[in-house]
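Visitor: Here it is, the structure, as structure tokens.
The values are calculated or read from the model by the stated rules, or taken from the named source; none is laboratory data. Because the structure is a prediction, the values reported are computed rather than measured. Counting neighbours? That spans all protein chains shown, and the Cβs are built from the backbone with ideal geometry, glycine included. Side chains are part of the model used for accessible areas, which takes the heavy atoms of the whole protein and leaves out ligands, DNA and RNA. Shrake-Rupley method; radii C 1.70, N 1.55, O 1.52, S 1.80 Å.
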Amino acid sequence: MIQFNQVNKWYGEYHALVDIDETIAKGEVVVVCGPSGSGKSTLIRTINRLEAIESGTITFDGEDIHRPGIDLNRLRSRIGFVFQQFNLFPHLTVLQNCTLAPVEVGGARPAQAHDKAMALLERVGLAHKANAWPSELSGGQQQRVAIARALAMEPPLMLFDEPTSALDPEMVGEVLLVMQGLVRDGMTLVVVTHEMGFARDVAHRVLFMDQGRILERAEPHAFFNHPQHPRAQQFLADIRTPFARPA
Amino acid sequence: MIDLVRDYWVYFLIGQYPNGPLGGLALTVLLASLGLVLALPFGLLLGLARVSPWRWLRWPVTLVAFAVRGTPLLMVVFWAYFFLPSVTGVKTDQFSTMLIALVIFDGVYLGEIVRAGIQGVPRGQYEAARALGLGHGRAMRRVILPQALRSMLPSLVNQFVSTIKATSLGYIIGLTEASFIATQINSQVFVHPTMVYLLLSLMYFILCFGLSRVALMIERRQARRGLPRPARSPGSLTATAAANA
């Protein structure tokens, strides 16, 4: 479904992505992890072209998405994206947040978009908040609305950029639960996250990144029990026992 | 003072109209209103151009913005009065000349307010709109501008108030707006300059204060409608500080 081929990205002098080669299959759930600044967010932001790349190709359903002249809006409407900071539109109600893209981009009739949005809000357990403003919701609720909003275009692929990192600990579960539901429905997910529990229980594959490279790719069981790369071993040791290493 | 008001109030309100051109307070209000109505869409376009992703659009507009910002309004009035006719070959009357100068000057300033307002909306809002498949124009219209305009309101009112006051510069090119008429009254009466100019000032104050109150009402109504209040951006803080100064 997604294919990276020798992808490189620089921020000025800084080499953010280095020779990325990777294939993500349809229906796969991939967790990307690694220390901060390792390039994992940059990686998934290149998939819907929120970030440009300097060399290499990324194909989505066989289409080179960084080719100039591609219908970017059509591409993006087929890729759901969930941000760390939710980014709900504060001047629109919860329902309007979910109907904006289907009406403006998908050309849906308002009534049709409304029904669809209500069904999605039902699914994330927030139908009763349809007419609330985003500012009236908790962080976890906002993120669930953001997921519903992204689903409204019925994308075959969903990208999550640290979806639970900005949440209070007690709200992490409700968001992960919604994501788990998507996995059960067979959707393709690429998730940048520090939630190792989610990675272990839900992911099909884990990619470990550091300094712009994918250093390890493995099934969750193998990754967590027998990490191969020294950086991955160190990373896992650090998150398991944060106080073990001398400062 | 009673005599002064009784003898001259019609002249002050409408000038020589209907026996001559419209003037006085009516002309000031007309000029200011037209100036605002025309400058706002102009400023919106300039502001959008300033933040557009297209360099060919951004650069020339930025250049114009810097040129006009670095020039007193009086110079813009002179340009419109002397320079424009010699280039276009069309001699405009004083009213049109002043209107053109006001629209250009205010347009640029409003453009800067619009730009600051747009840039005050968190980057993630634009990214989220684009990630949903909205194009640049749709993202601006449906997501960014509705939020930006709300935070811009105090600065916009500031600019509108200064437009009202700026109409008095029409005096310099012989436009018979309120200040011009007041000066004429003063030279006819001759003995009450303090009173004449005090009344003139009072009139400007009432206009500007009234506009500020209307703006405040709009802000309050928005708050009552339960719309989320935007975080105060640094831009609106400085505008408020300037208004208080």
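Visitor: With respect to A:ALA108, determine if the residue is of a type outside the set (D, E, K, R), within 20 Å of A:GLY80 (Cα to Cα), within 14 Å of another protein chain (Cβ to nearest Cβ) and surrounded by fewer than 21 Cβ atoms within 10 Å (Cβ to Cβ). Don't jump to the end; show me each part of the working.
Guide: Values: of a type outside the set (D, E, K, R): yes; within 20 Å of A:GLY80 (Cα to Cα): yes; within 14 Å of another protein chain (Cβ to nearest Cβ): yes; surrounded by fewer than 21 Cβ atoms within 10 Å (Cβ to Cβ): yes.
Yes; evaluated as a whole, the condition is true for this residue.
Visitor: Follow-up. Being of a type in the set (D, E, K, R) and exposed (fewer than 12 other Cβ atoms within 10 Å of the Cβ) is the filter here, so list the residues in the stretch A:220-247 that pass it.
Guide: A:ARG240, A:ARG245
Visitor: Of the residues in the stretch A:111-127, how many are open to solvent by less than 30 Å² (accessible area, probe 1.4 Å) and either over 23 Å from A:ASP185 (Cα atoms) or not in a helix (DSSP H, G or I) (or both)?
Guide: The number of residues fulfilling the criteria is 2.
Visitor: From the list B:ARG142, B:ARG130, which one is among the charged types (D, E, K, R) and touching a helix residue (DSSP H, G or I) at 6+ places or on another chain (Cβ under 6 Å)?
Guide: When all the criteria are applied, what remains is B:ARG130.
Visitor: Now, a different point. Only one of (1) more than 9 Å from chain B (Cβ to nearest Cβ); (2) open to solvent by less than 20 Å² (accessible area, probe 1.4 Å); (3) modelled with pLDDT under 95 is not met by A:ASN97, so which one is it?
Guide: The one condition A:ASN97 does not meet is (3).
Visitor: Could you say which residue among B:LEU27, B:LEU36, B:LEU40 is in a helix (DSSP H, G or I), in contact (Cβ under 8 Å) with a residue 40 or more places away in the chain and in contact with a strand residue (DSSP E or B) (Cβ under 7 Å, 6 or more places away or on another chain)?
Guide: B:LEU27
Visitor: Can you find even one residue in the stretch B:99-112 that is exposed (fewer than 12 other Cβ atoms within 10 Å of the Cβ), more than 14 Å from chain A (Cβ to nearest Cβ), without any contact (Cβ under 8 Å) to a residue 40 or more places away in the chain and not charged (D, E, K, R)?
Guide: no
Residues checked against (1) away from chain B (no Cβ under 14 Å); (2) not polar (S, T, N, Q):
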| residue | (1), (2) |
| --- | --- |
| A:GLU28 | yes, yes |
| A:VAL32 | yes, yes |
| A:GLY37 | yes, yes |
| A:SER41 | no, no |
| A:ILE47 | no, yes |
| A:LEU50 | no, yes |
| A:ILE53 | yes, yes |
| A:THR59 | yes, no |
| A:GLU63 | yes, yes |
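Visitor: Of all residues in the stretch B:39-55, how many are at pLDDT 95 or above and aromatic (Phe, Trp, Tyr)?
Guide: 1
Visitor: State the number of residues belonging to the stretch A:142-182 that are more than 13 Å from the chain's Cα centre (by Cα) and acidic (Asp, Glu).
Guide: Of the residues in the stretch A:142-182, 4 are more than 13 Å from the chain's Cα centre (by Cα) and acidic (Asp, Glu).
Visitor: From the residues in the stretch B:131-143 that are under 18 Å from A:VAL94 (Cα atoms) and surrounded by fewer than 23 Cβ atoms within 10 Å (Cβ to Cβ), which one is farthest from the other protein chains (Cβ to nearest Cβ)?
Guide: B:ALA139
Visitor: Also, I was wondering about something else. For the stretch B:50-84: of the residues being open to solvent by 50 Å² or more (accessible area, probe 1.4 Å) and in contact with a Ser or Thr (Cβ under 9 Å, 6 or more places away or on another chain), which is nearest to B:GLN94 (Cα to Cα)?
Guide: Only one residue tops the list, namely B:TYR81.
Visitor: Whether any residue in the stretch A:161-171 is within 12 Å of another protein chain (Cβ to nearest Cβ) and closer than 29 Å to A:GLY27 by Cβ is what I want to check.
Guide: Checking the stretch A:161-171: at least one residue is within 12 Å of another protein chain (Cβ to nearest Cβ) and closer than 29 Å to A:GLY27 by Cβ.
Visitor: To continue, here is another question. Anything in the stretch A:92-109 that is touching a helix residue (DSSP H, G or I) at 6+ places or on another chain (Cβ under 6 Å) and not acidic (Asp, Glu)? List them, or say none.
Guide: Matches in the stretch A:92-109: A:VAL94, A:LEU95, A:ASN97, A:CYS98, A:THR99, A:PRO102, A:VAL103, A:VAL105, A:ALA108.
Visitor: Tell me which residues, restricted to the stretch B:65-77, are in contact with a helix residue (DSSP H, G or I) (Cβ under 8 Å, 6 or more places away or on another chain) and not charged (D, E, K, R). Before the answer, list the steps.
Guide: Taking the stretch B:65-77 and keeping what is in contact with a helix residue (DSSP H, G or I) (Cβ under 8 Å, 6 or more places away or on another chain), we get B:65, B:68-69, B:73-74, B:76-77.
The answer is B:ALA65, B:VAL68, B:LEU73, B:LEU74, B:VAL76, B:VAL77.
Visitor: Could you list, in sequence order, the residues of the stretch B:146-162 that are more than 17 Å from the chain's Cα centre (by Cα) and open to solvent by 20 Å² or more (accessible area, probe 1.4 Å)?
Guide: First, the residues of the stretch B:146-162 that are more than 17 Å from the chain's Cα centre (by Cα): B:146-148, B:150-151.
Answer for the stretch B:146-162, where residues must be more than 17 Å from the chain's Cα centre (by Cα) and open to solvent by 20 Å² or more (accessible area, probe 1.4 Å): B:PRO146, B:GLN147, B:ARG150, B:SER151.
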